[in-house]
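All remarks here apply to the structure that follows.
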Amino acid sequence: MIESPLLPKLTGYIGGRWSESPDGNTFDVYNPATGEVVASVASMSESEVQQAVEAGKSALRLTSPYTIETRRKWLEDIRDALKANKEEVGRILCMEHGKPLKEAQGEVDYAAGFFDYCSKHIQALDAHTLTEKPKDCTWTVHYRPIGVAGLITPWNFPIGMIAKKLSAALAAGCPSVIKPASETPLTMIALFTLMDKHVDLPDGMVNLVMGKASVIGKVLCEHPDVPMLSFTGSTEVGRKLIVDTADQVKKLALELGGNAPYIVFDDADLDAAADNLIANKFRGGGQTCVCANRIFVHEKVVEEFGQKLADRVNRMTVGDGLTEDVDLGPLINKAGFDKVKRHVEDALEKGGQLVAGKKPSDLGEGHLFFPPTVISGITPDMCCSREETFGPLVPMATFRSEEEVIEAGNDTEFGLASYVFTGDAERAQRVAAGLRFGHCGWNTGTGPTPEAPFGGMKASGIGREGGLEGLFEFVEAQTVPRGF
Ligand code: NAP
């Protein structure tokens, strides 16, 4: 069992107080590296979720909103608390997610960056005036908090994903009801411990509910006092939320699945392309929405590039994230492991060649450690071309021309992240403009930052997180005559 000063309670948090589940229901949290139960946390029922919404409603101030100075201080205090407790929050994160400790602690810094960004740009949410020339009258535009927001997060970035949502919600003055993924609720409890101790938030401004997604999701979708849901997770669940909130025409911010193309032209710096691919692909064990999922390499350089990848992959260590110098932790659960295995089996059966990694029959049983794997000869009919693998598989396909690779890159319902490696700046601009993806990196595999708007096109989502666009997600513009 995990012991931590940041986990004094393993319960929800409603109206400024830790909140047990009255019927005593709990669910177990596992360490994916060892298979051991590390904690049992409260599983809340419908009535607690409703209480959390009511608590949020009582914290909402529409007629005299929290001032910008008050909101900025909340954001700064959360940023500072995260930075001061980075090691311990990272250790908890590592134990429930499995990613290497340094990477987990880096995620805490990343999360703090979103609170920092919002604190420094919150002034943009101040009211402004405009003049209607023909009638010579002036108007004031106010950015009103939309109301109590439901924030639902996935397990792959247990602190990073909530930071993006909560920083913008608090900047807007919106109370929230937060539901973490059931695989990784402990990092969220640690965040609530820090907010409880170090941040002077009104009771009900932040509420934590954990337990069955169907129960919590139903209340958040149906409750008339929750006008907005911000969700990060699979496209499948995102689609369900669209349907379930349609009657009330709720605002949705959806950060959904990806199927990122990573395009390497024959004029690219192949070492840089390989280094960036390793950093991008194996972050979080390959379980990130921005991970390269389809690697397109120009046919002239595919062998050389494959060799460079194999050299790097063969030096990587896989193991418990708490162990020093581990590059790659376990996958999150058996379903995740089985999916990657299925993709490898399918690719090899359909003619792919193993460049690095193990054959599925040599993987062994009873653990979640999947070796980094490179396969060449990938074709569009293979599962790894159509679906998000969410694991450490690098599937390489070849291409001959710019037009062909733009078409192949876009041949997916998803549109989140994409990457192009070429020494030709004009070509990079043409390819980026042709790719229907919310993010396109040129000669870099890095992903979202607090400063830049990030989000999906097509079935990868609606809305943006980060940047000024993200700051405006939780407000509604109201135009009134000047002086109101
Ligand atoms: P998921 O299964 O969709 O779950 C995400 C969250 O939604 C979890 O908290 C889950 O709760 C909850 N949930 C499930 N069913 C629900 C329902 N009917 N109503 C309300 N909430 C519900 O996704 P995941 O497996 O955790 O995350 C992986 C996916 O997230 C990948 O597709 C990845 O690409 C995507 N992702 C996207 C971004 C982005 O920025 N676009 C970032 C990170 C991840 P339980 O855990 O209790 O089931």
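Residues of segment 244-260 being within 13 Å of the ligand (Cβ to nearest atom) and free of Cβ contacts under 8 Å to residues at least 60 places away in the same chain, which ones?
Matches in segment 244-260: Asp244, Thr245, Lys250.
So, in segment 10-37, exactly how many residues are surrounded by 15 or more Cβ atoms within 10 Å (Cβ to Cβ) and at pLDDT below 95?
2
How about segment 134-235: which strands (runs of 3 or more DSSP E) wholly inside it have at least 1 residues that are touching a residue at least 12 places away in the same chain (Cβ under 8 Å) and near the ligand (Cβ under 8 Å from one of its atoms)?
Passing ranges, in order: 149-152, 176-179, 228-232.
Please go through segment 276-325 and give me each residue that is small (Gly, Ala, Ser) and outside any helix (DSSP H, G or I), ordered by number. Spell out the reasoning first.
First pass over segment 276-325, keeping only residues small (Gly, Ala, Ser): 279, 284-286, 292, 306, 310, 319, 321.
Passing the criteria: Ala292, Gly319, Gly321.
Is it true that Glu473 is assigned by TED's automatic domain parsing to the domain that holds Tyr143, closer than 30 Å to Ser119 by Cβ, open to solvent by less than 40 Å² (accessible area, probe 1.4 Å) and modelled with pLDDT of 95 or more?
Yes, satisfied.
For Gly257, work out the one condition from (1) part of a loop (DSSP other than H, G, I, E, B); (2) more than 28 Å from Ser40 (Cβ to Cβ); (3) open to solvent by 10 Å² or more (accessible area, probe 1.4 Å) it doesn't fulfil.
Here Gly257 meets the rest and fails (3).
With the condition kept exactly as written, say whether any residue in segment 152-175 is in contact with a His (Cβ under 7 Å, 6 or more places away or on another chain) and open to solvent by less than 10 Å² (accessible area, probe 1.4 Å). I'd like the intermediate steps shown before the answer.
Just the residues of segment 152-175 that are in contact with a His (Cβ under 7 Å, 6 or more places away or on another chain), to begin with: 155, 158.
After this cut, where a residue has to be open to solvent by less than 10 Å² (accessible area, probe 1.4 Å) as well, the list is 158.
Yes - at least one qualifying residue is present in segment 152-175.
Just one of the numbered conditions (1) within 16 Å of the ligand (Cβ to nearest atom); (2) open to solvent by 40 Å² or more (accessible area, probe 1.4 Å); (3) not assigned by TED's automatic domain parsing to the domain that holds Gly147 is not true of Gly284; which one?
Single failed check for Gly284: (2).
So which residues in segment 92-104 are out of contact with any Lys or Arg (no Cβ under 9 Å at 6 or more places or on another chain) and surrounded by fewer than 21 Cβ atoms within 10 Å (Cβ to Cβ), if there are any at all?
Correct list: Lys102 only.
With the condition kept exactly as written, say whether any residue in segment 261-277 is outside the structural domain of Ile152 (by TED's automatic domain parsing), open to solvent by less than 10 Å² (accessible area, probe 1.4 Å) and within 14 Å of the ligand (Cβ to nearest atom).
No, segment 261-277 contains no residue that is outside the structural domain of Ile152 (by TED's automatic domain parsing), open to solvent by less than 10 Å² (accessible area, probe 1.4 Å) and within 14 Å of the ligand (Cβ to nearest atom).
How many of the residues in segment 158-213 are within 14 Å of Phe474 (Cβ to Cβ) and either of a type in the set (D, E, K, R) or more than 20 Å from the chain's Cα centre (by Cα) (or both)?
Matching residues across segment 158-213 total 7.
Return the only residue of Glu236, Glu299 being at pLDDT 95 or above and assigned by TED's automatic domain parsing to the domain that holds Pro100.
It is Glu236.
Just need a number here: residues in segment 417-450 that are within 20 Å of Tyr110 (Cβ to Cβ) and surrounded by 16 or more Cβ atoms within 10 Å (Cβ to Cβ).
Looking only at that region, the number is 9.
Looking for whichever is in the same structural domain as His439 (by TED's automatic domain parsing), in contact (Cβ under 8 Å) with a residue 60 or more places away in the chain and of a type in the set (Asp, Glu) here; the options are Asp327, Asp338. Which one fits?
Step by step, each of Asp327, Asp338 is checked, and only Asp327 is in the same structural domain as His439 (by TED's automatic domain parsing), in contact (Cβ under 8 Å) with a residue 60 or more places away in the chain and of a type in the set (Asp, Glu).
Looking at segment 309-332, is at least one residue of a type in the set (A, V, I, L, M), within 16 Å of the ligand (Cβ to nearest atom) and within 22 Å of Arg464 (Cα to Cα)?
No - not one qualifying residue is present in segment 309-332.
Looking at segment 1-22, I want the residues that are under 24 Å from Pro202 (Cβ atoms) and among the charged types (D, E, K, R) and have a partner that is open to solvent by less than 20 Å² (accessible area, probe 1.4 Å) and outside any loop (DSSP other than H, G, I, E, B) with Cβ atoms under 7 Å, at least 6 apart or on another chain. Which pairs are those?
Qualifying pairs under 7 Å: Glu20/Ala42.
The values are calculated or read from the model by the stated rules, or taken from the named source; none is laboratory data. Since the model is a prediction, treat every value here as computed from it, not as a measurement. Note that each Cβ is placed from the backbone with ideal geometry, even for glycine, and that neighbours are counted across all protein chains shown. Quick note on the areas: whole protein, heavy atoms, side chains included, nothing else; ligands and nucleic acids left out. Shrake-Rupley method; radii C 1.70, N 1.55, O 1.52, S 1.80 Å.
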